[in-house]
Amino acid sequence: MAGDELPGDALVRLAGAHGIATDFWDFEGNHRLVTARSIVHVLGALGVAAETDEEIEAALEEAELAPWREVLPVCSVVRHGTPSDIGVNLPDGASVTLRLELEDGDSWPLSQKDVWVQPREVDGQLTGRATFEIPSHVPLGWHTLVAEVEGREPVSAPIAVTPERLEFPELDGGRGWGMMQQLYSLRSKGSWGIGDARDLAETASFFGDLGADFVLINPLHAASPVPPMAPSPYLPVTRRFVNPVYIRPEDILETAYLPGPQRALVEWAAEDVRSLNTQNTPVDRDAVWEAKNQALEVIFAHPRSRSRQRDFERFREREGQGLEDFALWCALVEKYHGEDFPPELQSGTSLYIARQRRELADRIEYYAWLQWVVDSQLEAAQKAALDSGMGIGIMQDLAVGVHSEGSDTWSNPDVFARAIEVGAPPDMYNQQGQNWSQPPWRPDALARTAYQPLRDMAATVLRHAGALRVDHIIGLFRLWWIPAGKTADHGTYVRYDHEAMVGVLMLEAHRAGAVVIGEDLGTVEPWVRDYLASRGILGTSVFWFEKDHGGYPLAPHDYRELVLATVNTHDLPPSAGYLAGEHVDIRERLGLLTEPVEKVRADANLERDRAIGRLADYGLLGEDASEREIIEALHRYVAQTPSLLVGVSLTDAVGERRAQNQPGTDQEYPNWKVPLADGSEKIVLVDELPSTARLLSLVAALRAQLGEADRLA
């Protein structure tokens, strides 16, 4: 087996044929080479044996011939408005016709082009290639190519026609601002110990009244239905469906019609956790879900009206097999109390699954009902946001991947790479690299399924949203694959068909009328940002990360226009904490620094002093400014940029100092459990936001600066 030596020429060529990088540039600009051992491991995860020279040569030949063995590409993704070519492979000299069957039922014959391609021998037969043109005016959507080759049965394959560019919505002044909040941390007097869909509707309506165009929230993806519920919204069991912990039980229509005893059960369940709303202790998802689940079981058992039952059944029909598989997985997790399933049930494709569907039908219905309920409550939240005057409304967040033992990997295992985890190489803020413990999609499997997992996920997440933030959007281009059991620095990049991945996502966003924002921080090649901008996808700019060549804060006029610009991000302490050096203190305390703490602290102090100096240079800050004045000046600085969207973290608006997440940690820090509080660590409830002077002052300062910037523009 290949060791830690560098790969030979043949292995390099084989890796390239499968989109595996054999070298890369790190965050310091150094050229790094990937070891042969890592490359062989990643190839194995793609089903390619490359342990010996003979296997490598055989795999190279297979990679070269594989595209010629298919009559049509397994899946094509093209752009609307641009003619595209499609190759049809057939016996040399045979005749062929190609037609396009549109998703609306129409059928178009396609014209063959006068293009000669050198025939080649494939499995003992001379094979040629005919080239056809997909016209530029084919409508957007998923269609079907049908090839009829002389002497053979017709062959069909899917083709997607995607938007050339997403259009930005018309907002007052051409730009918009919004609030960024971790929904679980934002409780009201009526919450059940965690922020929920009702709290989302309330805050969206309030911020809409203040002139905001959006509220960006953490991913709402589903977690395990039994304890322990993973706190990280970025490590879900599926990205398609929603965590029912965000349901407000009282807002379910049937709750109002419960008989007295059943109503009392719901109220008692709420009392068990409602006291948590005002406690500055880590958010206890397990306690909350135990209480809510008890109440939801009672409400579910109450008969629904005919029209309500019909709506529920239509929801199940629309969501199809994906919902049924997820609900079955939940029922099995419940049945086996969160322990491993028996060997015969380890995969949703097992022959033994049909019996489980029959035996667990009632529980499957319950978990499907939960998705219907939370879907309707998110619909109400988006309506409240738009009714308040928001131009965009709810901005959902899409995590990078899923849990290795979650619903997605169970129901569709062949789409995921085995013995591989996703992460990030070492960078300035994570000097040991990151391992997110998530299995990646296989690029080849996505194409074989016509990107169905991506399509279904995007359509569901966007159903009640005006925008989608894609965490680590570079993952649509390449992902850092880490062999299981290895540290993050032993990984390498694997490339995806970004034209297809981005195009499929754009098609769903177009259908939903939504904006797409890509989190393009960290090690991202410049051409990627240019590509996304050309497609109308916004990037992300964070004040603390935007520096000029001298290490000073980037001048406002040098920011990109097509971005969501913010002062900070959820992976850093809020501005009050960052200015106080909390990001250094945390990493020192948890042993995450790879440089002497004195150097890291000196660098942080220099960064802060340069930032304050730059704010003063722009007339945004006077001498002896208070913490509140500095934070307002930071936001006014960002508002001076040409960025189309400006985001304000709710933690900054109330003076919170604690970070929501510390990358590189698991149990060492209460990641994704910190409730919203002010600088004195007093809990801030949704009900108190309209009277929070610090918040109102920051919003007024931001709006005044945006108005001034628009006037000057």
With DSSP loop assignment and no more than 10 other C-beta atoms within 10 Å, the chymotrypsin sites (Phe, Trp or Tyr not before Pro) in segment 116-158 are Trp116
Treat every Asp and Glu Cβ in the chain as -1 and every Lys and Arg Cβ as +1, leave all other atoms uncharged, and give the resulting dipole magnitude about the Cα centre to the nearest 20 debye. 1500 debye
Hey, what does the equivalent ellipsoid look like for the chain, semi-axes from the Cα gyration tensor as sqrt of 5 times each eigenvalue, largest first, whole Å? 42, 33, 27
With the alpha-carbon atoms as the only input, what is the per residue convex hull volume for segment 295-423 in Å³? 163 Å³
Trypsin sites (Lys or Arg not before Pro), restricted to segment 112-190: which are DSSP loop and have at most 14 other Cβ atoms within 10 Å? Lys113, Arg152, Lys189
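Given segment 321-384, what whole percent of its Cα pairs are spread farther than 13 Å?
In whole percent, the share of Cα-Cα pairs in segment 321-384 beyond 13 Å is 64.
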With only alpha-carbon atoms counted, please give the Rg and Dmax of segment 399-517, in Å. 14.6, 42
Across 10 Å bins from the origin, how do the percents of Cα pairs in segment 219-315 run, short distances first? 15, 39, 35, 11, 0
P(r) weight above 19 Å for segment 462-606, C-alpha pairs, percent: 63 percent
How large is the convex hull of the Cα atoms of segment 559-618 per residue, expressed in Å³ as a whole number? 112 Å³
May I have the pair-distance distribution P(r) for segment 441-507, computed from all Cα-Cα distances with 5 Å bins from 0 and rounded to whole percent? 3, 15, 23, 23, 16, 11, 6, 2
In the chain, whole DSSP H helices that both stretch 15 Å or further along their axis by alpha carbon positions and average at least -1.0 on the Kyte-Doolittle scale are 53-69, 197-209, 260-274, 285-301, 361-387, 498-512, 597-617, 627-639, 693-712
Over the Cα atoms of segment 128-174, what is the Rg over Rh ratio if Rh follows Kirkwood? 1.25
What percentage of the solvent-accessible surface of the chain, computed with a 1.4 Å probe over protein heavy atoms, is contributed by carbon and sulfur atoms? 49 percent
Towards the positive end of the charge dipole of segment 213-335, with charges on Cβ (+1 Lys, Arg; -1 Asp, Glu), say which of Pro233, Gly320, Ala269 has the farthest Cα. Gly320
Going through the cross-link list Lys189/Lys335; Lys189/Lys292; Lys292/Lys682; Lys547/Lys599, which pairs have a Cα-Cα distance over 24 Å in this structure? Lys189/Lys335; Lys292/Lys682
Given the convex hull of the Cα atoms of segment 1-123, what is a quarter of its surface area in nm²? 12.1 nm²
Return the whole-Å distance between the Cα centroid of segment 380-458 and the Cα centroid of segment 288-351. 22 Å
Which of the GluC sites (Glu not before Pro) found in segment 1-69 are in a DSSP loop and have at most 16 neighbouring Cβ atoms, other than their own, within 10 Å? Glu5, Glu28, Glu51
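Grab the DSSP H runs of the chain that are 4 residues or longer, score each as -39,500 (n - 2.57), total them, divide by all residues and round the 222 nm result to the nearest 500 deg cm²/dmol.
-11500 deg cm²/dmol
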According to the Kirkwood expression over distinct Cα-Cα pairs, how big is the hydrodynamic radius of segment 12-73, in Å? 12.8 Å
For segment 628-705 versus segment 188-267, the gap between their alpha-carbon centres in whole angstrom: 21 Å
Could you give me the radius of gyration and the Dmax of segment 88-170, taking only the C-alpha atoms into account and expressing both in angstrom? 15.7, 59
Per residue, how much accessible surface does the chain expose to a 1.4 Å probe? Answer in Å², no decimals. 42 Å²
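The values are calculated or read from the model by the stated rules, or taken from the named source; none is laboratory data. None of these values were measured; they are calculated from a predicted model. Here Cβ is always computed from backbone atoms with ideal geometry, including for glycine, and neighbour counts include all displayed protein chains. To get the accessible areas, we keep the full protein, side chains included, count just its heavy atoms, and leave off ligands, DNA and RNA. Shrake-Rupley method; radii C 1.70, N 1.55, O 1.52, S 1.80 Å.
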